[in-house]
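The values are calculated or read from the model by the stated rules, or taken from the named source; none is laboratory data. Remember, predicted model here, so these are calculated numbers, not experimental data. Note that each Cβ is placed from the backbone with ideal geometry, even for glycine, and that neighbours are counted across all protein chains shown. The protein model used for the area step is the full one, side chains on, heavy atoms only, and it has no ligands, DNA or RNA in it. Shrake-Rupley method; radii C 1.70, N 1.55, O 1.52, S 1.80 Å.
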Amino acid sequence: ATRRAAGGGGKGFSASQAGSKKSSISAMQAQGKAFAKVMRKDGVCYVPDVLTPEQADALREWITGFRGQAEQDVSGGVPLTYRFADVLLRQNRADLKMPIGQPLVMDALTSILSQDKGVLGHMATELLGGDPELYELSCLISDPGSQRQIVHADTPYGGQGGLDGDSPVIFTFFIALQDVKEDMGATVWLPGTHTRKAHDIFAGKEKDELLRTAPIRLGMLPKGCMGAFDSRLLHCGGANRSGDSRAIFYLSFKNAKVANAGNPGSISPELVGALRLSTLQKELGVREEVGNSDALDKIVAQMR
(Lines give C-alpha, C1' and ligand atoms only; values in the text may rest on other atoms or scores of the structure.)
Protein backbone atom coordinates (compact mmCIF):
# COMPACT_ATOMS: atom_id res chain seq x y z
CA ALA A 1 0.00 0.00 0.00
CA THR A 2 1.12 3.54 -0.69
CA ARG A 3 1.98 5.26 2.57
CA ARG A 4 1.40 8.87 3.47
CA ALA A 5 4.54 10.82 4.32
CA ALA A 6 5.33 10.90 8.03
CA GLY A 7 5.73 14.14 9.90
CA GLY A 8 4.77 17.51 8.49
CA GLY A 9 5.80 21.06 8.21
CA GLY A 10 3.20 23.46 9.52
CA LYS A 11 -0.30 24.42 8.44
CA GLY A 12 0.50 24.96 4.77
CA PHE A 13 1.85 21.43 4.38
CA SER A 14 -1.10 19.92 6.24
CA ALA A 15 -3.60 21.85 4.14
CA SER A 16 -1.86 20.68 0.97
CA GLN A 17 -2.01 17.07 2.15
CA ALA A 18 -5.69 17.37 3.05
CA GLY A 19 -6.50 18.92 -0.31
CA SER A 20 -4.65 16.21 -2.18
CA LYS A 21 -6.40 13.46 -0.24
CA LYS A 22 -9.82 15.04 -0.82
CA SER A 23 -9.09 15.24 -4.54
CA SER A 24 -8.01 11.57 -4.57
CA ILE A 25 -11.19 10.51 -2.76
CA SER A 26 -13.31 12.39 -5.30
CA ALA A 27 -11.48 10.66 -8.15
CA MET A 28 -12.01 7.23 -6.56
CA GLN A 29 -15.70 7.99 -5.97
CA ALA A 30 -16.12 8.89 -9.63
CA GLN A 31 -14.45 5.64 -10.69
CA GLY A 32 -16.60 3.69 -8.23
CA LYS A 33 -19.77 5.16 -9.73
CA ALA A 34 -18.61 4.33 -13.25
CA PHE A 35 -17.84 0.71 -12.34
CA ALA A 36 -21.14 0.45 -10.43
CA LYS A 37 -23.02 1.52 -13.55
CA VAL A 38 -21.48 -1.39 -15.46
CA MET A 39 -22.25 -3.75 -12.57
CA ARG A 40 -25.92 -2.80 -12.52
CA LYS A 41 -26.24 -3.49 -16.23
CA ASP A 42 -24.09 -6.60 -16.66
CA GLY A 43 -23.75 -7.98 -13.13
CA VAL A 44 -19.97 -8.21 -13.59
CA CYS A 45 -17.09 -5.88 -14.38
CA TYR A 46 -13.31 -5.81 -14.62
CA VAL A 47 -11.27 -3.47 -12.40
CA PRO A 48 -7.52 -3.20 -13.07
CA ASP A 49 -4.63 -2.96 -10.63
CA VAL A 50 -6.25 -3.11 -7.19
CA LEU A 51 -3.10 -4.74 -5.78
CA THR A 52 0.47 -4.34 -6.99
CA PRO A 53 2.14 -7.43 -8.48
CA GLU A 54 4.47 -7.44 -5.46
CA GLN A 55 1.54 -7.47 -3.04
CA ALA A 56 -0.14 -10.27 -4.98
CA ASP A 57 3.07 -12.36 -5.02
CA ALA A 58 3.67 -11.92 -1.28
CA LEU A 59 0.05 -12.72 -0.40
CA ARG A 60 0.00 -15.81 -2.59
CA GLU A 61 3.24 -17.10 -1.07
CA TRP A 62 1.91 -16.60 2.45
CA ILE A 63 -1.45 -18.22 1.60
CA THR A 64 0.33 -21.31 0.24
CA GLY A 65 2.02 -21.80 3.60
CA PHE A 66 -1.09 -20.93 5.60
CA ARG A 67 -3.11 -23.55 3.75
CA GLY A 68 -0.79 -26.27 5.02
CA GLN A 69 -0.97 -24.85 8.54
CA ALA A 70 -4.78 -24.69 8.34
CA GLU A 71 -4.94 -28.35 7.34
CA GLN A 72 -2.74 -29.22 10.33
CA ASP A 73 -4.96 -27.14 12.60
CA VAL A 74 -8.05 -29.06 11.47
CA SER A 75 -6.23 -32.38 11.93
CA GLY A 76 -5.32 -31.21 15.43
CA GLY A 77 -8.92 -30.49 16.42
CA VAL A 78 -9.75 -26.99 15.21
CA PRO A 79 -13.27 -27.17 13.70
CA LEU A 80 -13.20 -27.19 9.90
CA THR A 81 -15.43 -24.11 9.69
CA TYR A 82 -12.74 -21.98 11.38
CA ARG A 83 -10.33 -22.55 8.49
CA PHE A 84 -12.27 -23.63 5.40
CA ALA A 85 -15.63 -22.91 3.79
CA ASP A 86 -17.75 -25.13 1.57
CA VAL A 87 -17.06 -24.92 -2.15
CA LEU A 88 -18.73 -26.68 -5.06
CA LEU A 89 -16.67 -29.69 -6.20
CA ARG A 90 -14.29 -29.64 -3.25
CA GLN A 91 -11.81 -32.13 -4.72
CA ASN A 92 -8.67 -30.21 -5.71
CA ARG A 93 -10.34 -27.00 -4.53
CA ALA A 94 -10.17 -25.09 -1.25
CA ASP A 95 -11.98 -22.06 0.11
CA LEU A 96 -9.50 -20.89 2.74
CA LYS A 97 -10.82 -18.34 5.22
CA MET A 98 -8.47 -15.40 5.71
CA PRO A 99 -7.35 -14.33 9.21
CA ILE A 100 -7.91 -10.59 9.23
CA GLY A 101 -5.03 -9.97 11.63
CA GLN A 102 -2.34 -11.25 9.27
CA PRO A 103 -0.24 -8.23 8.19
CA LEU A 104 -0.29 -9.06 4.47
CA VAL A 105 -4.08 -9.47 4.59
CA MET A 106 -4.38 -6.15 6.43
CA ASP A 107 -2.12 -4.43 3.90
CA ALA A 108 -4.15 -5.82 1.00
CA LEU A 109 -7.42 -4.66 2.57
CA THR A 110 -5.93 -1.21 3.13
CA SER A 111 -4.97 -0.91 -0.54
CA ILE A 112 -8.33 -2.22 -1.70
CA LEU A 113 -10.61 -0.27 0.64
CA SER A 114 -8.75 2.99 1.33
CA GLN A 115 -11.08 5.80 0.26
CA ASP A 116 -8.32 7.80 -1.43
CA LYS A 117 -6.44 4.91 -3.09
CA GLY A 118 -9.00 2.13 -3.63
CA VAL A 119 -12.20 1.96 -5.61
CA LEU A 120 -13.84 -1.11 -4.04
CA GLY A 121 -15.38 0.62 -1.03
CA HIS A 122 -16.91 3.30 -3.24
CA MET A 123 -18.35 0.59 -5.50
CA ALA A 124 -19.88 -1.27 -2.56
CA THR A 125 -21.46 1.87 -1.15
CA GLU A 126 -22.81 2.92 -4.54
CA LEU A 127 -24.26 -0.54 -5.26
CA LEU A 128 -25.59 -1.50 -1.82
CA GLY A 129 -26.29 1.84 -0.16
CA GLY A 130 -26.07 2.52 3.55
CA ASP A 131 -23.21 0.82 5.33
CA PRO A 132 -22.69 -2.70 3.89
CA GLU A 133 -21.55 -5.61 6.04
CA LEU A 134 -18.29 -7.45 5.41
CA TYR A 135 -19.74 -10.84 4.51
CA GLU A 136 -16.79 -12.82 3.16
CA LEU A 137 -13.01 -12.74 3.44
CA SER A 138 -11.35 -15.78 1.94
CA CYS A 139 -9.18 -17.23 -0.82
CA LEU A 140 -10.40 -19.66 -3.46
CA ILE A 141 -7.72 -22.10 -4.56
CA SER A 142 -8.17 -24.31 -7.61
CA ASP A 143 -5.48 -26.96 -7.94
CA PRO A 144 -4.48 -28.86 -11.10
CA GLY A 145 -7.10 -31.50 -11.78
CA SER A 146 -10.06 -29.60 -10.34
CA GLN A 147 -13.17 -30.12 -12.44
CA ARG A 148 -15.51 -27.55 -13.94
CA GLN A 149 -18.32 -26.50 -11.62
CA ILE A 150 -21.95 -26.48 -12.65
CA VAL A 151 -23.37 -23.07 -13.49
CA HIS A 152 -24.88 -21.51 -10.39
CA ALA A 153 -25.68 -18.28 -8.59
CA ASP A 154 -24.20 -17.70 -5.14
CA THR A 155 -27.48 -16.38 -3.75
CA PRO A 156 -31.11 -16.73 -4.83
CA TYR A 157 -32.87 -13.73 -6.29
CA GLY A 158 -34.22 -11.67 -3.41
CA GLY A 159 -32.21 -13.56 -0.80
CA GLN A 160 -33.57 -16.45 1.24
CA GLY A 161 -37.14 -17.14 0.14
CA GLY A 162 -37.07 -14.14 -2.20
CA LEU A 163 -38.22 -11.95 0.68
CA ASP A 164 -36.05 -9.00 -0.34
CA GLY A 165 -37.47 -8.67 -3.83
CA ASP A 166 -35.32 -6.79 -6.30
CA SER A 167 -32.85 -5.49 -3.73
CA PRO A 168 -29.23 -6.48 -4.42
CA VAL A 169 -27.98 -9.04 -1.92
CA ILE A 170 -24.17 -9.31 -2.07
CA PHE A 171 -21.39 -8.04 -4.30
CA THR A 172 -18.25 -10.15 -4.48
CA PHE A 173 -14.76 -8.99 -5.46
CA PHE A 174 -12.32 -11.57 -6.89
CA ILE A 175 -8.66 -10.48 -6.98
CA ALA A 176 -6.16 -12.59 -8.91
CA LEU A 177 -2.92 -13.44 -7.09
CA GLN A 178 -1.28 -14.57 -10.34
CA ASP A 179 -2.04 -14.13 -14.03
CA VAL A 180 -5.09 -16.31 -14.63
CA LYS A 181 -4.89 -18.26 -17.88
CA GLU A 182 -7.84 -20.03 -19.45
CA ASP A 183 -6.51 -23.52 -18.68
CA MET A 184 -6.18 -22.65 -14.97
CA GLY A 185 -9.96 -22.82 -14.58
CA ALA A 186 -10.79 -19.17 -15.06
CA THR A 187 -14.21 -18.19 -13.72
CA VAL A 188 -16.95 -18.04 -16.35
CA TRP A 189 -19.58 -15.34 -15.79
CA LEU A 190 -22.84 -14.98 -17.76
CA PRO A 191 -23.40 -11.22 -17.92
CA GLY A 192 -26.99 -10.05 -17.57
CA THR A 193 -28.17 -13.15 -15.68
CA HIS A 194 -28.48 -11.39 -12.32
CA THR A 195 -32.12 -10.50 -13.06
CA ARG A 196 -35.40 -12.02 -11.91
CA LYS A 197 -36.21 -12.96 -15.50
CA ALA A 198 -32.94 -14.87 -15.93
CA HIS A 199 -33.44 -16.70 -12.62
CA ASP A 200 -36.98 -17.69 -13.62
CA ILE A 201 -35.70 -19.04 -16.96
CA PHE A 202 -32.82 -20.86 -15.24
CA ALA A 203 -35.31 -22.58 -12.92
CA GLY A 204 -37.61 -23.59 -15.78
CA LYS A 205 -37.77 -25.61 -18.97
CA GLU A 206 -35.76 -23.10 -21.01
CA LYS A 207 -32.65 -23.41 -18.82
CA ASP A 208 -30.62 -25.24 -21.47
CA GLU A 209 -31.47 -22.64 -24.10
CA LEU A 210 -30.31 -19.89 -21.72
CA LEU A 211 -27.00 -21.65 -21.15
CA ARG A 212 -26.52 -22.21 -24.90
CA THR A 213 -27.20 -18.63 -25.92
CA ALA A 214 -26.04 -16.43 -23.04
CA PRO A 215 -22.85 -14.44 -23.63
CA ILE A 216 -19.92 -15.25 -21.37
CA ARG A 217 -17.22 -13.24 -19.67
CA LEU A 218 -14.05 -15.24 -18.96
CA GLY A 219 -12.13 -14.27 -15.84
CA MET A 220 -8.62 -14.28 -17.30
CA LEU A 221 -7.50 -11.69 -14.80
CA PRO A 222 -3.95 -10.30 -14.77
CA LYS A 223 -2.15 -10.48 -11.42
CA GLY A 224 -3.52 -7.92 -8.95
CA CYS A 225 -6.64 -7.17 -11.03
CA MET A 226 -10.24 -7.73 -9.99
CA GLY A 227 -13.42 -9.28 -11.30
CA ALA A 228 -16.40 -7.90 -9.39
CA PHE A 229 -19.84 -9.49 -9.63
CA ASP A 230 -23.38 -9.56 -8.29
CA SER A 231 -24.00 -12.67 -6.16
CA ARG A 232 -27.17 -13.34 -8.19
CA LEU A 233 -25.17 -13.67 -11.42
CA LEU A 234 -24.88 -17.11 -12.99
CA HIS A 235 -21.28 -18.29 -13.13
CA CYS A 236 -18.97 -21.25 -12.57
CA GLY A 237 -15.34 -22.10 -11.94
CA GLY A 238 -13.64 -23.79 -14.87
CA ALA A 239 -11.56 -26.96 -14.89
CA ASN A 240 -7.90 -26.48 -14.02
CA ARG A 241 -6.02 -28.33 -16.74
CA SER A 242 -2.74 -26.50 -16.12
CA GLY A 243 0.15 -27.43 -13.88
CA ASP A 244 -0.41 -24.47 -11.55
CA SER A 245 -2.86 -23.64 -8.81
CA ARG A 246 -5.14 -20.63 -9.25
CA ALA A 247 -5.49 -18.45 -6.12
CA ILE A 248 -8.22 -15.81 -5.91
CA PHE A 249 -8.24 -13.56 -2.84
CA TYR A 250 -11.76 -12.29 -2.35
CA LEU A 251 -14.11 -10.36 -0.13
CA SER A 252 -17.78 -9.54 -0.36
CA PHE A 253 -20.19 -7.05 1.16
CA LYS A 254 -23.85 -7.70 1.97
CA ASN A 255 -26.76 -5.31 1.77
CA ALA A 256 -27.35 -4.41 5.43
CA LYS A 257 -31.13 -4.43 4.81
CA VAL A 258 -31.12 -8.08 3.68
CA ALA A 259 -31.70 -10.30 6.70
CA ASN A 260 -30.80 -13.64 5.10
CA ALA A 261 -28.69 -13.78 1.96
CA GLY A 262 -29.60 -17.41 1.30
CA ASN A 263 -26.00 -18.61 1.43
CA PRO A 264 -23.56 -18.57 4.37
CA GLY A 265 -20.52 -16.36 3.89
CA SER A 266 -16.97 -17.67 3.58
CA ILE A 267 -15.58 -15.86 6.59
CA SER A 268 -14.06 -16.72 9.96
CA PRO A 269 -16.82 -17.28 12.55
CA GLU A 270 -15.48 -14.46 14.74
CA LEU A 271 -15.98 -12.00 11.87
CA VAL A 272 -19.62 -12.86 11.15
CA GLY A 273 -21.58 -9.61 11.46
CA ALA A 274 -18.61 -7.94 13.15
CA LEU A 275 -17.62 -5.27 10.64
CA ARG A 276 -19.40 -2.75 8.48
CA LEU A 277 -17.59 -1.12 5.59
CA SER A 278 -17.22 2.29 7.27
CA THR A 279 -15.78 0.78 10.45
CA LEU A 280 -13.32 -1.39 8.52
CA GLN A 281 -12.17 1.58 6.44
CA LYS A 282 -11.77 3.74 9.54
CA GLU A 283 -9.78 1.16 11.49
CA LEU A 284 -7.55 0.24 8.56
CA GLY A 285 -6.80 3.95 8.24
CA VAL A 286 -5.92 4.12 11.95
CA ARG A 287 -3.61 1.13 11.55
CA GLU A 288 -1.92 2.72 8.52
CA GLU A 289 -1.45 5.99 10.40
CA VAL A 290 -0.23 4.78 13.80
CA GLY A 291 0.71 1.12 13.25
CA ASN A 292 -2.22 -0.63 14.90
CA SER A 293 -5.97 -0.48 15.50
CA ASP A 294 -7.27 -1.31 18.97
CA ALA A 295 -10.69 -2.22 17.53
CA LEU A 296 -9.25 -4.68 15.00
CA ASP A 297 -6.75 -6.02 17.55
CA LYS A 298 -9.66 -6.84 19.85
CA ILE A 299 -11.33 -8.89 17.12
CA VAL A 300 -8.07 -10.62 16.22
CA ALA A 301 -7.49 -11.59 19.86
CA GLN A 302 -10.75 -13.57 19.82
CA MET A 303 -9.86 -15.61 16.75
CA ARG A 304 -8.81 -19.25 16.91
### Task
Could you tell me which of the residues Gly77, Gly68, Gly121, Gly165 is open to solvent by less than 10 Å² (accessible area, probe 1.4 Å) and either without any contact (Cβ under 8 Å) to a residue 24 or more places away in the chain or in a helix (DSSP H, G or I) (or both)?
Gly121
### Query
Are any residues in segment 230-240 touching a Phe, Trp or Tyr at 6+ places or on another chain (Cβ under 7 Å) and either under 18 Å from Glu182 (Cβ atoms) or free of Cβ contacts under 8 Å to residues at least 24 places away in the same chain (or both), and if so, which ones?
His235
### Summary
Checking Ile201, Ile170, Ile175 in turn, the sole residue that is surrounded by 14 or more Cβ atoms within 10 Å (Cβ to Cβ) and free of Cβ contacts under 8 Å to residues at least 12 places away in the same chain turns out to be Ile201
### Query
Out of the residues in segment 250-280 that are touching a helix residue (DSSP H, G or I) at 6+ places or on another chain (Cβ under 8 Å) and under 12 Å from Ser231 (Cβ atoms), which is surrounded by the most Cβ atoms within 10 Å (Cβ to Cβ)?
Phe253
### Summary
All conditions in (1) among the hydrophobic types (A, V, I, L, M, F, W, C); (2) touching a Pro at 6+ places or on another chain (Cβ under 7 Å); (3) at pLDDT 95 or above are true of Met303 except (3)
#### Entry: Which numbered condition Pro156 misses (of (1) under 15 Å from the mean Cα position of the chain (by Cα); (2) open to solvent by 10 Å² or more (accessible area, probe 1.4 Å))
(1)
### Residue check, Leu113 closer than 28 Å to Asp166 by Cβ, buried (at least 19 other Cβ atoms within 10 Å of the Cβ) and modelled with pLDDT of 95 or more
yes
### Query
For segment 36-65, what are the residues that are touching an Asp or Glu at 6+ places or on another chain (Cβ under 8 Å), more than 15 Å from Cys139 (Cβ to Cβ) and part of a helix (DSSP H, G or I)?
Ala36, Met39
### Query
Being in contact with a Leu (Cβ under 7 Å, 6 or more places away or on another chain), open to solvent by 20 Å² or more (accessible area, probe 1.4 Å) and touching a residue at least 12 places away in the same chain (Cβ under 8 Å), is that true of even one residue in segment 191-198?
no
### Residues of segment 124-145 satisfying the condition of being acidic (Asp, Glu), surrounded by fewer than 22 Cβ atoms within 10 Å (Cβ to Cβ) and within 29 Å of Lys37 (Cβ to Cβ)
Glu126, Asp131
### Query
What number of residues within segment 266-304 satisfy the criterion of being assigned to a loop (DSSP other than H, G, I, E, B), touching a Ser or Thr at 6+ places or on another chain (Cβ under 7 Å) and closer than 23 Å to Gly130 by Cβ?
2
### Query
Quick one: is Phe84 farther than 22 Å from Cys225 by Cα, modelled with pLDDT of 95 or more and either touching a Gly at 6+ places or on another chain (Cβ under 6 Å) or open to solvent by less than 70 Å² (accessible area, probe 1.4 Å) (or both)?
yes
### Summary
Residue count, segment 204-229, condition open to solvent by 60 Å² or more (accessible area, probe 1.4 Å), without any contact (Cβ under 8 Å) to a residue 40 or more places away in the chain and not in a loop (DSSP other than H, G, I, E, B), comes to 6
